[in-house]
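Bear in mind these aren't lab numbers, they're just calculated from the coordinates by the rules spelled out. Keep in mind that what you see is a predicted model, and the values were worked out from it rather than measured. Quick reminder, even Gly has a Cβ in these numbers, built from the backbone with ideal geometry, and neighbours come from all protein chains shown.
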Amino acid sequence: MMEENNPDRFIKITEAAEILGFAHYRSVNQMIERGSLVGYRLPHVTRRRVLLSEVLALKENAESISRTASFETTRGRGRPRKYG
């Protein structure tokens with residue numbers, strides 16, 4: 001049985017969407033299509049998976065960028081940033 005907090009395990013696209021703060025899995029699929037995130041096809045599994053470690057790194061990177069950006073400028077009106 002896999003360890004639950006193993007960062008190198010594969011997770012579903014919907015789980016990645018929840019971690020990143022997206023309302024729908026399609027946003028994660030778009031990130032895979034753009035190349036921001038790598039999608040893996042596993043044997044005997046029809047749907048793509050992503051590595052938990054890559055999702056957490058992406059979230060941490062986005063949080064650090066938003067922290068430094070919040071000190072530099074304040075965002076005006078518009079769509080809020082995702083990833084936490």
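Quick look at the numbers
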| read-out | value |
| --- | --- |
| Protection proxy ranking of 10-18, 38-46 - average other beta-carbon atoms within 10 Å, highest first | 10-18, 38-46 |
| Pairwise Cα inverse-distance average, inverted: Kirkwood Rh of the range 9-67 (Å) | 11.6 |
